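First comes the structure, then the notes that go with it.
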Amino acid sequence: MKYRVIPYFSIILILLIPANVFGDSVNISVDLPIFTDTDKIVIFGNVSTETTLQVMITDPDEIIILNEDITIPAGDFTYDILVGNYDLNRSGHYYISVVHDKSKITEQFFYDSEHNVNPMKVDGALESLTESDQIIVFASAAAIIISVLIFLARGSIFRKKNEYDTGEWESKKNRDYEKYHSEWMSDEISFERKGKNKLSDEDFRKSLLNKNIPDYYAILQIQKTASQNEIKSQFRSLAKKWHPDKKQSDNAEKKMAQINMAYEVLSNPKRREMYDQHFSKKS
């Protein structure tokens, strides 16, 4: 019984033996997308006895520029061909062939003469760039894109936030309306953007001599004892109501001007005190 098992073990052992034990193998390694003068093409394999290989290189015009025999010792071998040692005088696709025991293997490679390269003839345009060059290209492109985005968003990025941005609103639409159509802009009252219409101290003092000086408290619809916060709050409310962009009325602008004047006086503690003194005398 045990003798019957021996043939099976022999078959398994034969299958496990590398194929190159029974036959020679020769291969060409051209694993670079682009070859330059400093790169090597590697011929490798295994031969059972000392062997002569015929190596040929042809240029893009199919002209043979290398045809030589090399002797390989028995066993595993590698043979390097330095591209720069041969007259590959222009960029393009070249072919290298190895003839061994009446069989021929051929591989194609692209040679860069470092003077006239056409990357479009290479698989993948970026493959014509070195890894460091690709990093520089991508980094430059990213920097340009980021710079453009920052330039386009500069208004939002560098604009100083005010209470319209930090406050709570029912909707963005409400916030935008408050921001662009009311007369209060954060702590910078709308008179900042209407500076030419602001009442100077001298003009204010002259206005106090006017017999028809208006009742600013009545215009703002507040008590004479109203606090600054109450004055500001009421001004905001009236400004939203009477602003000409919202109130479609013939007297909206006139009404808004009165509200602005009343607020300008009563929101200034010094002017308010002077106004109260003159208005009380008038009464």
Query - Residue list for the stretch 240-265, restricted to those being among the small types (Gly, Ala, Ser) and within 11 Å of LEU220 (Cα to Cα) - result: ALA262
Query raised in the report: Can you name the number of the only condition in (1) at pLDDT 90 or above; (2) charged (D, E, K, R); (3) over 30 Å from GLU131 (Cα atoms) that ASP24 fails?
Result: (1)
Query raised in the report: Which of the residues that make up the stretch 196-225 are within 16 Å of ARG271 (Cα to Cα), of a type outside the set (A, V, I, L, M, F, W, C) and surrounded by 11 or more Cβ atoms within 10 Å (Cβ to Cβ)?
Result: LYS198, ASP201, ARG205, LYS206, SER207, PRO214, ASP215, TYR216, TYR217, LYS224
Query raised in the report: In the stretch 243-256, what residues are assigned to a helix (DSSP H, G or I) and either exposed (fewer than 14 other Cβ atoms within 10 Å of the Cβ) or at positive phi (or both)?
Result: GLU253, LYS254
Query raised in the report: Going through the stretch 226-242 one residue at a time, which ones are surrounded by fewer than 16 Cβ atoms within 10 Å (Cβ to Cβ) and more than 15 Å from ASP276 (Cα to Cα)?
Result: ASN229, GLU230, SER233, ARG236, SER237, LYS241
Query - Residue in the stretch 227-239 that is part of a loop (DSSP other than H, G, I, E, B) and either hydroxyl-bearing (Ser, Thr, Tyr) or modelled with pLDDT under 90 (or both) present - result: yes
Query raised in the report: SER113 fails exactly one of the following numbered conditions: (1) in contact with a strand residue (DSSP E or B) (Cβ under 8 Å, 6 or more places away or on another chain); (2) at pLDDT below 90; (3) surrounded by 10 or more Cβ atoms within 10 Å (Cβ to Cβ); (4) not aromatic (Phe, Trp, Tyr). What is the number of that condition?
Result: (1)
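The values are calculated or read from the model by the stated rules, or taken from the named source; none is laboratory data. Here the structure is a predicted model, which means the values were calculated and not measured. Cβ: placed from backbone, ideal geometry, glycine included. Neighbour counts: every protein chain shown.
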